[in-house]
Number of protein chains: 6
Amino acid sequence: MRVSEMNSMQVEDYLRGDDRCVVPLGSTEQHAQLSLSVDSILSERVAAEAAEPLGVPVFPVVAYGITPYFKAFPGTLSLRVETYVALVRDLLDGLALAGFRRILLCNGHGGNAPAASLGLQWVADNPGCRVRFHNWWNAPATWAKVQQIDTLGSHASWMENFPWTRLANVAAPEGRKPMIDLGTLRLQPPAEVRQRLGDGNFGGVYRHPDEQMLALWEVAVAETRALIEGPWA
Amino acid sequence: MRVSEMNSMQVEDYLRGDDRCVVPLGSTEQHAQLSLSVDSILSERVAAEAAEPLGVPVFPVVAYGITPYFKAFPGTLSLRVETYVALVRDLLDGLALAGFRRILLCNGHGGNAPAASLGLQWVADNPGCRVRFHNWWNAPATWAKVQQIDTLGSHASWMENFPWTRLANVAAPEGRKPMIDLGTLRLQPPAEVRQRLGDGNFGGVYRHPDEQMLALWEVAVAETRALIEGPWA
Amino acid sequence: MRVSEMNSMQVEDYLRGDDRCVVPLGSTEQHAQLSLSVDSILSERVAAEAAEPLGVPVFPVVAYGITPYFKAFPGTLSLRVETYVALVRDLLDGLALAGFRRILLCNGHGGNAPAASLGLQWVADNPGCRVRFHNWWNAPATWAKVQQIDTLGSHASWMENFPWTRLANVAAPEGRKPMIDLGTLRLQPPAEVRQRLGDGNFGGVYRHPDEQMLALWEVAVAETRALIEGPWA
Amino acid sequence: MRVSEMNSMQVEDYLRGDDRCVVPLGSTEQHAQLSLSVDSILSERVAAEAAEPLGVPVFPVVAYGITPYFKAFPGTLSLRVETYVALVRDLLDGLALAGFRRILLCNGHGGNAPAASLGLQWVADNPGCRVRFHNWWNAPATWAKVQQIDTLGSHASWMENFPWTRLANVAAPEGRKPMIDLGTLRLQPPAEVRQRLGDGNFGGVYRHPDEQMLALWEVAVAETRALIEGPWA
Amino acid sequence: MRVSEMNSMQVEDYLRGDDRCVVPLGSTEQHAQLSLSVDSILSERVAAEAAEPLGVPVFPVVAYGITPYFKAFPGTLSLRVETYVALVRDLLDGLALAGFRRILLCNGHGGNAPAASLGLQWVADNPGCRVRFHNWWNAPATWAKVQQIDTLGSHASWMENFPWTRLANVAAPEGRKPMIDLGTLRLQPPAEVRQRLGDGNFGGVYRHPDEQMLALWEVAVAETRALIEGPWA
Amino acid sequence: MRVSEMNSMQVEDYLRGDDRCVVPLGSTEQHAQLSLSVDSILSERVAAEAAEPLGVPVFPVVAYGITPYFKAFPGTLSLRVETYVALVRDLLDGLALAGFRRILLCNGHGGNAPAASLGLQWVADNPGCRVRFHNWWNAPATWAKVQQIDTLGSHASWMENFPWTRLANVAAPEGRKPMIDLGTLRLQPPAEVRQRLGDGNFGGVYRHPDEQMLALWEVAVAETRALIEGPWA
């Protein structure tokens, strides 16, 4: 259940019987023709759908993440690593204070990985709590499904093109973009990253039929739900 | 226009002709019977409606703010002042890098005031930019309208009870709660704040007819729009 | 009593019977023709006079505050928000360690407002303590007295021109400066702020007779004393 | 060439003709029967051997990393994420100031991943420089060689047992430890991690013949050398 | 000249012909029977008297320093090292912005030494500026004079007992306290430090005749003045 | 015993019977003709030799310190004061968690002095622990021995020229360099420091016979050992 659709009394009631919750981690960054909020939309939505039948609360998505390499694409905003780590710590501290003990960080953006490091550090300081850092899109079952649909899927390609991430009046390009060399990309400053990436897609076609996308989505929701269910070690 | 409904090319197009944008600042905190996201919902929505006819982009709401006094109300999450200041600085740095020069921080939560201080500091370091910190709910025209409807309005009372902040299946209580003494409240630690506040409303009735609320909303949207229009000094 | 006129044994004696203290918060910043230390002088003095008959210790003024907008006026020094917040936290931590439980931050400069935010956060982390943030010059009774004397009073105008803040051999200008538009001022970078402000006075005449100033001072001392007396919630 | 075997004049000479360098990133943490410095020893040595024929300077290893999960194993010391990020930034700043432009972070410990995030951020702020973050032990060729020797290799197992990481008078245990479930491990606080891990090996036999280890080493040195050679994008 | 007795126009005038200034660094900490502000009083006063005939501005004393070992003496407040370093940096940044280029940090408390480290770092980042860190009480000539008066002088003994640091109605004890072992003291936590120190004096008699004290003071003022005069390298 | 030659079980065994350890603090910075790692080599070696007969563990040297003034000498890397303080705190926190209670920081570089300040602060926060900050090269007995050999010894002169710090194929210059004026040096930015220092030696001859050096070394090892033995207050 989305915390934005709950009040404090309802959260308190919930905590009498359970101690799990989900915090979606997103990003505001270029996704080629798709919404700048792809990572926020998807992490929040997969979390919400996964948690819904379990009645586990899903907090509002953290809409900004770590994405320095996309800084030359206007509309992208990147938090510094140290800011992001402080932000996630404050959220975890607040959750623990309220009584949450099993926390899923449902992450939608690879660049947010320092939140996983922080999570491990925070659990060492808060040994009564558990934090699971979950990259929803490349967890085993979901990634297998991606590969089954099309072995070439990447940032801003078809695999992020869902009915809820594409923009009205913006058509997906035709053609299959060759995969970018990621090793090289990670060496380059933002202006060169942009020049190399063109529209922002890392590689692959821009769209697959919604039927396939919904099948992929189902896998992701199920896999995320299974992690919420546990075990939690 | 919401940035979540734009892609990077569209932001770049926009920046060729304008340099304004809006960043809504929210909070996830108790609002009595209302949504825990009241401050996020309202700041983002008022910004979006105000900016829409101007074509000015509205970035995703910062859903977490500074709200230590509500920590004893489960579901509330508070960022530390130093974290929040770092977060807002990173956002401003990113906006300036992209080419934005006139930035409205559309704030929905009084506790976020250090963002105003940071804004002044940041402009001193970035003299080509302008930052306007705007508390949408108590700006002059909006507050006058609040007072016209009911002189007693406060946190979590009727004045935050809009069709888009109230929860399905949660009825607004009857009765007019007397105003809390704010000076005393600011002295108290969270557990005592909670005890004193009861359901979280600071004072006033819990609901006024939607007709009045929509009239209030219109004033707030218009006042926010005027600030986006400028002048920007 | 000023802590600078006490030794540690005397503070210890005091703490056997009371747990209140005052920390004045000042600033070193332009005040037109007046001393650059106006905010420090006034906050420390009003605190000392208020506390004297109560025997409550007044710590040395924090002589530097947050004042980025005045950076183009030489002699002004501004701390960053994050530095200031860290500074105030360290002081509060030290006071609590010594046994103080009720702490008045007697503030002389509007820009120091993040200390109020920090105070709320600190009390949430130190629930046995109370922190009251007090802007001495615009507390209700003092502000009413200001208005009674002259409805136009502002930064660096007559209302800060006391026998103990004016400089020897510097005459107060004649004339009544029109009030600056504060909304515009808050948008401008330091160089423009300076250009707009001229000598630094925000608006109003530069001097009222000392008789009136002493009457104002009496109100401020009495109001500050009342806050030290309590109640403390 | 090791910087510890150079003086400043020699570094200056080198910089007249080249701008590459290597900084090894290690850790001081439990490695079962092996040295607590395994990650430092290996990252520094593989870097030194790889760089030697190229004449590229290798700075002293950063001997402490991020390893909170091993905190219950005495002798382990973990830096906080924010400290580590600040440390690596200072080193990169210093290297750039001296004239280095292509920097290989040769990492020996998975937990140090936030240095990769920082590297991307730093390059965005220093677009004339390149930073390559290289996990020497699981780079493609090296990992393939590991798998060729034994498909079960992990932290503190045979794959870290080199003549230069094993301790005098400490025998490698017999037997093949089953692989630990990493997903579960990442959920657990340090005391439980220790209980689950026993001696600290994550899984696999404790030793393979040195002939095989030296063959593995050769692959790692060659692969690391190739990255120093470039291309650097 | 004290900045508290100047306004911004006067500082600006001064900067047309000179670029030197002094920032006194004090502390609020136990000094046995003497004022808790000894270090602030003396550093500010020696600076002011030294600078007066030169017309060099002396900023308000930083009244709080680093003094963790005295935390068990009530009335002592200690800033954390990282806070203090941030504070001094902000002041230096502000001075440089205003046009000061030669800055004397006139320090009155040994524990503030990290300000000297920060000063060196800051000059490396601001190569057009000079920062001199000056411990006024143990500079060569002053210390020689101390030794000439009495070879046993220390924290809170006679050598800090000036007419302007002793308290009304508090008599100096008789007797010559043996010198504390400083090496041991530096190992102890605050409660043990207090137990060992008793009244706080580190060693020596509590008072010498004012004639001698004024002679010492003259030496200190002259030595400080000479440093302000330069050369500044 | 060097921790790099121990495993976690051995550290745990040790902690059953003792709670002392040593952390050497080094630096990577110019030392004229000598190794850039002089301060790391010497602090780690003196610690290891001192601790060896006592069986006290010596952790890996912190190879980077605070040395901004040498930034213009390539190969020098300097950590910011705030980074260094955070780093040392993390190490102390980790040592305390493991059960160490008496910690010797064996320092090889004068610029690392803020670690001493941090140590005092940390002990105030961890009153069950003891931290001794030891500058091995200028401790009383060692410095007396230096003076006995040659009254002019300094940074990068003969007194740091040991068989284990000089470089193969780099001859020590002839001649006795006059001592640099340290007061002036501390005022200068890095480029001027370099110009003034020439090869980096602060003053003195470049080499004394190894017989004398080994005699000096013996004194340093003995003095360091005595501090490890205690008393620890």
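The values are calculated or read from the model by the stated rules, or taken from the named source; none is laboratory data. No experiment lies behind these values; they were computed from the predicted model shown. All Cβ positions, glycine included, derive from the backbone under ideal geometry; neighbour counts span all protein chains shown. Surface accessibility is based on the protein's heavy atoms, side chains included, excluding ligands, DNA and RNA. Shrake-Rupley method; radii C 1.70, N 1.55, O 1.52, S 1.80 Å.
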- Message: Considering only segment D:190-209, I want to know if a residue exists there that is polar (S, T, N, Q) and surrounded by fewer than 22 Cβ atoms within 10 Å (Cβ to Cβ).
- Response: yes
- Does D:Gly55 fit the bill of being away from chain F (no Cβ under 12 Å) and either in contact with a strand residue (DSSP E or B) (Cβ under 8 Å, 6 or more places away or on another chain) or open to solvent by less than 40 Å² (accessible area, probe 1.4 Å) (or both)? yes
- Message: Against the condition open to solvent by less than 30 Å² (accessible area, probe 1.4 Å), farther than 18 Å from D:Val3 by Cβ and of a type in the set (A, V, I, L, M, F, W, C), how does F:Ala63 come out, does it pass?
- Response: no
- Of all the residues that make up segment A:38-50, how many are surrounded by 24 or more Cβ atoms within 10 Å (Cβ to Cβ) and either part of a loop (DSSP other than H, G, I, E, B) or small (Gly, Ala, Ser) (or both)? 4
- Query: In this structure, is E:Gln33 closer than 30 Å to E:Ala172 by Cα and over 11 Å from the mean Cα position of the chain (by Cα)?
  - Reply: yes
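Going by the conditions given, is D:Pro127 open to solvent by less than 30 Å² (accessible area, probe 1.4 Å), within 8 Å of another protein chain (Cβ to nearest Cβ) and out of contact with any Phe, Trp or Tyr (no Cβ under 6 Å at 6 or more places or on another chain)?
It is false that D:Pro127 is open to solvent by less than 30 Å² (accessible area, probe 1.4 Å), within 8 Å of another protein chain (Cβ to nearest Cβ) and out of contact with any Phe, Trp or Tyr (no Cβ under 6 Å at 6 or more places or on another chain).
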- Could you please find all residues in segment D:7-25 being at the interface with chain F (Cβ under 8 Å from one of its Cβ atoms) and open to solvent by less than 10 Å² (accessible area, probe 1.4 Å)? D:Asn7, D:Ser8, D:Val11
- Message: Tally up the residues in segment D:131-142 that are open to solvent by 30 Å² or more (accessible area, probe 1.4 Å) and farther than 22 Å from D:Ala215 by Cα, please.
- Response: 2
- Query: Name the residues in segment D:77-114 that are at the interface with chain F (Cβ under 7 Å from one of its Cβ atoms) and either under 30 Å from F:Gln10 (Cα atoms) or under 18 Å from the mean Cα position of the chain (by Cα) (or both), would you?
  - Reply: D:Leu77, D:Ser78, D:Leu79, D:Arg80, D:Thr83, D:Leu87, D:Leu91
- Pairs where the first residue, in segment D:1-19, is charged (D, E, K, R) and the second is open to solvent by 70 Å² or more (accessible area, probe 1.4 Å), C-beta under 9 Å, 6+ apart: D:Arg2/D:Glu52; D:Glu5/F:Ala168; D:Asp19/D:Arg101
- Message: If I filter segment A:223-232 for residues that are crowded, with 17+ Cβ neighbours inside 10 Å, among the acidic types (Asp, Glu) and without any contact (Cβ under 8 Å) to a residue 12 or more places away in the chain, do I get at least one hit?
- Response: no
- Could you give me the residue pairs with C-beta distances under 7 Å whose first residue belongs to segment B:177-201 and is away from chain C (no Cβ under 13 Å), whose second residue is modelled with pLDDT under 95 and open to solvent by less than 10 Å² (accessible area, probe 1.4 Å) wherever it lies, and which are 6+ apart or on separate chains? none
- Residues located in segment A:143-160, provided they are open to solvent by less than 50 Å² (accessible area, probe 1.4 Å) and over 20 Å from A:Ser35 (Cβ atoms): A:Lys145, A:Ile149, A:Asp150, A:Leu152
- Answer yes or no: is there a residue in segment E:172-186 that is under 20 Å from the mean Cα position of the chain (by Cα) and either buried (at least 19 other Cβ atoms within 10 Å of the Cβ) or not in a loop (DSSP other than H, G, I, E, B) (or both). yes
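Residues in segment B:187-209 that are closer than 25 Å to C:Val131 by Cβ, more than 21 Å from the chain's Cα centre (by Cα) and either in a loop (DSSP other than H, G, I, E, B) or small (Gly, Ala, Ser) (or both): how many?
So the first thing to find is which residues in segment B:187-209 are closer than 25 Å to C:Val131 by Cβ, and the list is B:187-198, B:200-203.
Those still in the list that are more than 21 Å from the chain's Cα centre (by Cα) too: B:187-198.
Adding the requirement that they be either in a loop (DSSP other than H, G, I, E, B) or small (Gly, Ala, Ser) (or both) leaves B:187-189, B:191, B:198.
Residues that pass the stated criteria total 5.
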- Only listed residue being out of contact with any Phe, Trp or Tyr (no Cβ under 7 Å at 6 or more places or on another chain) and β-branched (Val, Ile, Thr), chosen from A:Val61, A:Val46: A:Val61
- Task: Give the residue that is farthest from F:Arg89 (Cα to Cα), with candidates limited to residues of segment F:141-167 that are in a helix (DSSP H, G or I) and touching a strand residue (DSSP E or B) at 6+ places or on another chain (Cβ under 8 Å).
- Result: F:Trp158
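Mind listing whichever residues of segment C:89-140 are in contact (Cβ under 8 Å) with a residue 60 or more places away in the chain and in a helix (DSSP H, G or I)?
Residues of segment C:89-140 in contact (Cβ under 8 Å) with a residue 60 or more places away in the chain: C:91, C:95, C:98-109, C:111-112, C:115, C:130, C:132, C:134, C:136-137, C:139-140.
Within segment C:89-140, C:Leu91, C:Leu95, C:Ala98, C:Gly111, C:Asn112, C:Ala115, C:Trp136, C:Trp137, C:Pro140 meet the criteria.
For segment F:67-88, which positions are outside any loop (DSSP other than H, G, I, E, B) and open to solvent by less than 10 Å² (accessible area, probe 1.4 Å)? Write out each step before concluding.
So the first thing to find is which residues in segment F:67-88 are outside any loop (DSSP other than H, G, I, E, B), and the list is F:68-70, F:77-78, F:81-88.
Listed by number, the residues that qualify are F:Pro68, F:Phe70, F:Leu77, F:Val81, F:Thr83, F:Tyr84, F:Val85, F:Leu87, F:Val88.
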